[in-house]
1. Any chance segment 66-82 includes a residue that's among the aromatic types (Phe, Trp, Tyr) and in contact (Cβ under 8 Å) with a residue 40 or more places away in the chain?
2. Restricting the search to segment 93-108, which residues are open to solvent by 20 Å² or more (accessible area, probe 1.4 Å), part of a strand (DSSP E or B) and among the aromatic types (Phe, Trp, Tyr)?
3. All but one of (1) more than 11 Å from the chain's Cα centre (by Cα); (2) open to solvent by 30 Å² or more (accessible area, probe 1.4 Å); (3) closer than 18 Å to Gly108 by Cβ hold for Val63, so report the exception by its number.
4. All but one of (1) in a loop (DSSP other than H, G, I, E, B); (2) at pLDDT 95 or above; (3) open to solvent by 50 Å² or more (accessible area, probe 1.4 Å) hold for Arg19; state the number of the condition that does not hold.
5. Which numbered condition in (1) touching a residue at least 24 places away in the same chain (Cβ under 8 Å); (2) open to solvent by 40 Å² or more (accessible area, probe 1.4 Å); (3) farther than 14 Å from Ser7 by Cα is the only one that Asp55 fails?
Amino acid sequence: QVQLVESGGGLVQPGGSLRLSCAASGSGFSIYNMGWYRQTPGKQREMVATISSGDSTNYADSVKGRFTISRDNAKNTVYLQMNSLKPEDTAVYYCRASKFGVPYWGKGTPVTVSS
């Protein structure tokens, strides 16, 4: 089992940047598929970006060209670099790990984009 702890959220002005981090406990991090998801009140959680154990990435259309997901297996950490942030990016961002189809979730970190 893996435990995930997100950090890096906060308040940022439109057009600004944030980098989210997700630190994973336990061994075997390199074989987990990792992802970032977000959720706003009254809406379903949606995929933002994913990165496979083989470093293949996938992005939601709404963040392509602005967000970048990456991982550092030596540090058991996955990152989400968010640039050119928009008010509609405001949400709680969750880290997700999966192995053999079993998902694990962090508790989330809030991101607010507002002037």
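1. Within segment 66-82, the first condition is being among the aromatic types (Phe, Trp, Tyr), and the residues that meet it are 67, 79.
Retained after the next criterion (residues that are in contact (Cβ under 8 Å) with a residue 40 or more places away in the chain): 79.
Yes.
2. Selection gives Tyr94, Tyr104, Trp105.
3. Result: Val63 passes all but (2).
4. (1)
5. It fails just one condition, (1).
The values are calculated or read from the model by the stated rules, or taken from the named source; none is laboratory data. Nothing here was measured: the structure is a model prediction, and the numbers come from that model. When we count neighbours, we look across all protein chains shown, and the Cβ atoms used for this are built from the backbone with ideal geometry, even at glycine. The protein model used for the area step is the full one, side chains on, heavy atoms only, and it has no ligands, DNA or RNA in it. Shrake-Rupley method; radii C 1.70, N 1.55, O 1.52, S 1.80 Å.
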